[in-house]
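Here is the structure we will look at.
Readers should treat all values here as calculations from the given coordinates under stated rules, not as data from a laboratory. Only a predicted model underlies this, so the values are computations on that prediction, with no experimental measurement involved. Here Cβ is always computed from backbone atoms with ideal geometry, including for glycine, and neighbour counts include all displayed protein chains.
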Amino acid sequence: MPNSNEVPLMFQAPVTGRGQIQYIQHPEKSQRWVDEWVEAAATNSPQFRSNVKTKEYKITWRFVSNSGQDDDIIRPVIAAKGFPYYPGASMKGGFLRCCNPQEAQRYCGSQISSNETQPGILRFHGAYPKDDSWCDQPLIDVVHPQQDWQVKNSQTHSAFLQISLYKPTLIFGISSTIKLEDSEWETIWNIWDKAIERGIGSRVSAGYGQPINHRETKLITVNLKGQGLASQLIDRSGEFRPNMFKAALRGHTLRLFSGMTDENTAEELTKELWGGFAGANGAIVGHLGIAFNPVNLELDEFIYNGSVIMPVYELEAGTLHILSMGKFADEYKNQLKTLITQILKFSMLLGGFGKSWRRIDHRIFFPEYLENGNKPMIGCHWEFTKQSNNYYFPVNNINHITNIIDGVQKAVNNWLILKGKTASNQVNSWRESFHPQKVQVWGRIAQDEDDSLAVRWFHGNYEGTKSIKGSRLTGRMGNIGRIYHRMYPHYFKTSSNEMIRQKNHVKKFVELLTIFPDKNDDRTQDFLTFLATTEFTKLWGE
């Protein structure tokens, strides 16, 4: 008699102890589920019939086709013979949203009366991966929301798993019930080009399911380079994860709003911009999303203590698109663009993206810390590339930082007015609210890469026997600290209004400390007293 346990989990029947088809009962079974799925799936990509028109699209990162969630694992949609696919119904929905009324009626059909419909001429067949190379990529994807832990006062945070395809090339199929001219097929694919620009599948605002081109949906495009610690997947391998851009921008949006209005309004406006959950009302589709295309990216390993491996990345060039995720009037899109441009520039001013974003990359600014090979890698460093230098804030003298932050807050306040909300000077309870009574920004001009004063204060005594290492200010494993350290590339404007960085072939930096002081912590108060005696100047906050 056959042993039921030998049947792959995805095909086991819905009986007690197993749940519905494809059910993954426990997270620890996820790897077995994937291994059995890959082994059982057909090796040859499904082929569309000869009457189906097709077109290929490359996905820049991961793609999630959500067929449901078991406990903490999101499963993919699977076709006959186990091959992953994107459903035709989902494709039709995306296509329909980008049609004008006449196109919608002709291609997708319409409701004639309460009990009668007129079908459209098109049939949407969905999409399949071009080949079976998806089997060779890491399929188990870790999603780790941390906003409440990092911004508010939450003491807990948790991760969940999803199964997603890594950088697949998808072939989409459409057929027609009548013969069409080539010119009309061109119109049809142009509509789908617009539809796919908003992303396909789940979690599209965080960079999943995004194609390379975004002609219609992009609000702004910036070119970036950076280096730092890469994320680790469940198998401990490293991955550069573009959803970190949305996480950073969304977090700073919440910090800025909470510094100017009450907590509920800050949450409401942030969810409206970036999406989220509204309890019984379900999910909120945000007005903004991101798509990232890593043009020149290398993953490597940093090893310390002879055997401990930390994945790292070096991004020489990448393109970040901030997307408009809905159909908005041009005036509203321009207002969105103004706001998100300021939030992006603010995010680059004070921090970085991804793991260890609150610290500078020690390989650049404190290499001696790592010389003996017995300490872990810390920090990251991000810059705009030459094509996007205009996104830097010019700092002709250190006090310009004050005007810069005031300008960002003015943009946030203008958004509050646009939304009919009232700014408030009320101080809320969140740890990282960007309110002048909750945060202080200190800065100085550093002469080069070797001229960071503060980096050594994180690892030793800053004055006599006084230290902030492992304190509430700096944090430790499992506890978020209250300080950011940034070496911001120093650009300034010349008398001819030219934005430049180098002077006498030296690249300077603006060294910035952003501190959310705990007024009840003596070590923090002692450090702030000390800071006032150094080259640092308090630039913002009370």
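Over the chain, Cα pairs under 8 Å with separation of 6+ residues give a relative contact order of 12 percent. Bridgeable aspartates and glutamates around Lys55 (alpha carbons under 12 Å apart, same-chain partners fewer than 8 residues away excluded): Glu186, Asp193.
Each of Gly276, Leu139, Asn334 was placed along the dipole of the chain (beta-carbon charges, centred on the mean Cα), and the one lying farthest toward the positive end is Asn334.
Once you keep just the Cα pairs under 8 angstrom separated by 6 or more residues, what percentage relative contact order results for segment 255-357? Before the final figure, lay out each step's value.
Details: 101 pairs, mean separation 18.4, N = 103.
Relative contact order, segment 255-357: 18 percent.
Each of Pro101, Leu229, Ser495 was placed along the dipole of the chain (beta-carbon charges, centred on the mean Cα), and the one lying farthest toward the positive end is Ser495. Can you give me the angle between helix 182-196 and the longest principal axis of the chain, using Cα atoms only, in degrees from 0 to 90, rounded to the nearest 10? The angle comes out at about 40 degrees.
A Förster radius of 22 Å combined with the Cβ-Cβ distance from Gln335 to Gln437 puts the calculated FRET efficiency at roughly 0.15.
Cross-link list Lys469/Lys503; Lys333/Lys421; Lys225/Lys438; Lys466/Lys508: which exceed 25 angstrom alpha carbon to alpha carbon? Walk me through the numbers before you get to the answer.
On the way: Lys469/Lys503 35 Å; Lys333/Lys421 19 Å; Lys225/Lys438 31 Å; Lys466/Lys508 29 Å.
Where the Cα-Cα span goes over 25 Å, the pairs concerned are Lys469/Lys503; Lys225/Lys438; Lys466/Lys508.
Based on the alpha-carbon gyration tensor of the chain and its eigenvalue square roots a ≥ b ≥ c, which shape applies: rounded if a/c is under 1.5, prolate if not and a/b is larger than b/c, or oblate? Before the final figure, lay out the partial values.
Values: a/c = 1.98, a/b = 1.55, b/c = 1.28.
Prolate.
With everything on Cα atoms, drop me the angle between helix 263-274 and the longest principal axis of the chain, reported from 0 to 90° to the nearest 10. Taking the Cα atoms of the chain, the angle to 263-274 is about 50 degrees. Between segment 387-418 and segment 90-136, the alpha-carbon centres lie 44 Å apart. Full extension of the chain segment joining Val427 with Lys81 gains 118.8 nm, where the gain is 0.36 nm per residue of separation less the Cα-Cα distance.
With angles folded into 0 to 90 degrees, how steeply does helix 400-418 sit against the dominant principal axis of the chain? Use alpha carbons for both and round to 10. Computed tilt is about 40 degrees. Sequence-ordered 3J(HN,Hα) estimates for segment 364-375 from the Karplus curve with 6.51, -1.76 and 1.60 and θ = phi - 60° stand at 8, 9, 8, x, 5, 4, 9, 4, 7, x, 10, 10 Hz, glycine and proline given as x. Annotation: aspartates and glutamates with alpha-carbon distance below 13 angstrom to Lys419 (same-chain offsets under eight excluded): Glu268, Glu272. Give the shape of segment 391-519 as rounded, prolate or oblate, defined through the alpha-carbon gyration tensor: a ≥ b ≥ c are the square roots of its eigenvalues, a/c under 1.5 means rounded, and otherwise the shape is prolate if a/b is larger than b/c and oblate if not. It comes out oblate by the Cα gyration axes.
With helices as the sole contributors, the chain gives -7000 deg cm²/dmol at 222 nm; each DSSP H run of n ≥ 4 counts as -39500 (n - 2.57), and the sum is divided by every residue.
Across segment 438-530, Cα pairs under 8 Å and at least six residues apart give a relative contact order of 38 percent. Computed about the Cα centre, the dipole magnitude for segment 208-254 is approximately 140 debye when only Lys and Arg (+1) and Asp and Glu (-1) carry charge, each at its Cβ. Report note on the peptides 300-313, 404-417, 176-189: ranked by the mean count of other C-beta atoms within 10 Å, highest first, their order is 404-417, 300-313, 176-189.
Normalised by residue number, the volume inside the convex hull of the Cα atoms of segment 376-425 is 186 Å³ per residue.
Shape call for segment 213-336 from the C-alpha gyration tensor, a ≥ b ≥ c root eigenvalues: rounded (a/c under 1.5), prolate (a/b greater than b/c) or oblate? Because a/c hits 1.5 or more and a/b exceeds b/c, segment 213-336 counts as prolate. Only the Cβ atoms of Lys and Arg (+1) and of Asp and Glu (-1) were treated as charged; on that basis the dipole of the chain about its Cα centre amounts to roughly 900 debye.
Determine, from the Cβ-Cβ distance of Asp182 and Ile112 and an R0 of 35 Å, the FRET efficiency 1/(1 + (r/R0)^6), rounded to the nearest 0.05. Provide the component values of the computation, followed by the final result.
Numbers: r = 30 Å, r/R0 = 0.87.
It comes out at approximately 0.70.
For the pair Leu418 and Phe328, label points projected 7 Å from Cα toward Cβ lie 0.6 nm apart. Take the Cα of Glu39, step 7 Å toward its Cβ, do the same at Asn497, and the gap between the two points is 6.8 nm.
State which entries of Lys53/Lys337; Lys167/Lys355; Lys271/Lys375 exceed 32 angstrom in Cα-Cα distance in the structure shown.
Lys53/Lys337; Lys271/Lys375
Applying a DSSP loop filter and a limit of 16 other Cβ atoms within 10 Å to the GluC sites (Glu not before Pro) in segment 363-421 leaves Glu371.
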